[in-house]
Amino acid sequence: MTRLFAGTPTHGLVLLVLLLAALVAAPLIANDYLLTILILILYFAYAGQAWNIMMGFAGQLSLGHALYVGLGAYTASALYVHFGVAPWLGLLVAVPVAMLAGAVIGFLAFRFGVAGVYFAILTIAFAEFARIGFDHISYVGGSAGFFLPVAQYTQNDLWNLRGRPVMFYYVILALAALAFMLCHLLLRSRMGYFWQAIREDEEAARALGIDTFRYKMYAVVISAGMTAVAGVFFAFFYNNLFPEQVFHISRSIELILAPIIGGVGTLFGPIVGAFLLTGLSEAVTETLHVLGFEIPGAKQVFYGICLLVVVMALPDGIWPWLARRLGLERRS
Amino acid sequence: MTALLSIAGVSKRFRGLVAVDRVSCEVEKGEIFAVIGPNGAGKTTLFSTIAGSLEPTEGEIRFLGERIDGLRPDEVCRRGVARTFQIVRPFPALTVEDNIMVGALLRTADTAKAAATAQDVMRRLDLFDKRDREAKSLTLPDRKRLEVARALATAPQLLLLDDEVMAGLRPTETDRMVAILRELNAQGLTILLIEHVMRAVMALANRVLVLHHGAAIALGTPEVVTREPAVVQSYLGAEAL
């Protein structure tokens, strides 16, 4: 733990602790609606963190992360509905399934030199295969959707992830915190250094003895596995899965907005981005609603504006700018 | 006693073009060996076959008696052969220290140990005061030293310096680089360099290999080589024109 935060200024640690305390205490004052928004924010912070490993750390652009969300969601749901396997055990299957998918995509791309934009297209293609494929798998409902049994829960059943929003809130908060710590450790490890070297200049990285194929594979597989956990959470929170929605490219895009706006390759970027995007867009929708406007797609327009503003004004994302403002730049 | 690096009958052809034509030479442990020649003589191609970025069409390259031709660049580096690039390519968004850390982490997974190695290398190459700067903010001479530092951090036995580690440097900077390389050499590092700046070659190299149209036309001490009529005609003469 001491090594984890070595080099972070003291007031940075204080801020971090305060943020965590506020998040832990939030359910005391938040109603179910507000909690649902916080769940969404933390969900995007978590998934953004997972995506960031591939793009932000190792420089491999994936535009098909919905694939891993969907594989995680469907695998754990199918095990639960058909065999009564609890989601926590379902993870033991769902995560490897997504990792395998990541490994296949990574192998095809990295072995045959598919890089950059072409790699991104390949990731989209696989998510699309899954979207169309799952439409025809009647075992998990096909295009008609797959539903988890829902009842009015008086008690929170953490083991089966059946219960009220407050339970889901703490689950996703724990996941987001774990993902943050894991990414922090990864970034300051040998693998993290090698990933950044590959991101910056792959040929130079190779000349320094880095087996770039192997380390890019690690990035895809770890990112895919982490994303699958988000998928399991997604399934048990929403209780319904439609291939058209789960695997849709807009889901992949939605997932990468938080880290892009917050700051690609930074640890706080996905968190800051998720709070800003989801928080503000919900506020916009709500304000419009109160004012009596019902504008379909207002949220998407808002996302677009946010992205434009950030890309033009702060191309490195909000976090690097915010960190400078708060005097939180890392000292070594 | 086998040579540290032995190149035996190495050729590299690109379709019809013969870039390197049956070149043979041996680099002994502890020496500074220079490869010179006019533009297009095949120096960089020869260099690339040693570093693993190109596979020779024929011939053998051995390092410490083992074949390394055809290995990937990262495998060559792990055997103990580090390189710099003709056009410097540090990792731009990483700090000087982190750039060197990447090299040092090749030999240890322990970041604390790698940091110690990085500090040592930074001190030896006058980069310590700039350790927190991003590589992209460095001046050219600093970037060139950073590139050498990063390669050194991989603890090589043989350091390959690609063309123009000196080019673009002012004479005083060249002298500083020469002094650094000499010092490294004195500590046991064998260096193979490709160089245009004759001032550096004369000051550094124990032996020089001259390439012309891909073939070796002379091999010997700098003094002897620069007096060879063939060399004067093909290289120095051509430059003088």
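No lab work stands behind these numbers, since they all come straight from the coordinates. Since the structure is predicted, the reported quantities are computational estimates derived from the model, not experimental observations. Every residue, glycine among them, receives a Cβ derived from its backbone with ideal geometry; neighbour counts consider all protein chains shown.
Tabulated data for the structure shown
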quantity: Mean Cα-pair separation over length for the range A:10-325, i.e. relative contact order, pairs under 8 Å, 6 or more apart, %; calculated: 31
quantity: Value of relative contact order over the range A:1-132, rounded to a whole percent, pairs C-alpha under 8 Å and six or more apart; calculated: 24
quantity: For chain B, built as a Gaussian network whose Cα springs stay under 10 Å, the top-fluctuating residue of B:Thr111, B:Thr84, B:Thr57; calculated: B:Thr111
quantity: Average silhouette area of the range A:222-332, convex hull of alpha-carbon atoms, in square nanometres; calculated: 9.4
quantity: Qualifying chymotrypsin sites (Phe, Trp or Tyr not before Pro) for the range A:105-144 [loop in DSSP, other Cβ within 10 Å: at most 12]; calculated: A:Phe112
quantity: Ellipsoid semi-axes in whole angstrom, largest first, where each is sqrt(5λ) of the Cα gyration tensor of the range A:50-103; calculated: 26, 9, 8
quantity: Helix-derived mean residue ellipticity, 222 nm - over chain A, DSSP H n ≥ 4, -39500 (n - 2.57), to 500; calculated: -23500 deg cm²/dmol
quantity: 222 nm mean residue ellipticity, helices alone, for chain B (DSSP H n ≥ 4; -39,500 (n - 2.57); rounded to 500); calculated: -10000 deg cm²/dmol
quantity: Point-charge dipole on Cβ atoms (K/R +1, D/E -1) for chain A, about Cα centre, debye to 20; calculated: 800
quantity: Evaluated at q = 0.05, 0.13 Å⁻¹: base-10 log I(q)/I(0), Debye formula over Cα of the protein assembly as shown; calculated: -0.28, -1.24
quantity: Pairs of Lys in chain B closer than 25 Å at Cα, counting only those 8 or more apart or on different chains; calculated: 8
quantity: Alpha-carbon Rg/Rh ratio, for the range A:10-325, with Rh computed the Kirkwood way; calculated: 0.96
quantity: Per-bin percent of Cα-Cα distances, chain B [5 Å]; calculated: 1, 7, 14, 18, 19, 17, 12, 7, 4, 1, 0
quantity: Two-decimal ratio, the range B:91-155, of alpha-carbon radius of gyration to 2.2 N^0.38 Å; calculated: 0.96
quantity: Charge dipole (the range A:10-325, unit charges on Cβ, about Cα centre) - positive-most of A:Leu241, A:Leu61, A:Ile124; calculated: A:Leu61
quantity: Size of charge dipole - chain B - debye, nearest 20, with Cβ of Lys, Arg +1 and Asp, Glu -1, no other charges; calculated: 220
quantity: Residue among A:Glu128, A:Glu244, A:Glu203 with the largest mean-square fluctuation in a Gaussian network model of chain A, springs linking Cα atoms under 10 Å; calculated: A:Glu203
quantity: Chain B: most fluctuating residue of B:Asp132, B:Asp98, B:Asp69 per GNM, C-alpha cutoff 10 Å; calculated: B:Asp132
quantity: Cleavage-rule hits, GluC sites (Glu not before Pro), the range A:283-330, DSSP coil, Cβ neighbours within 10 Å at most 10; calculated: A:Glu294
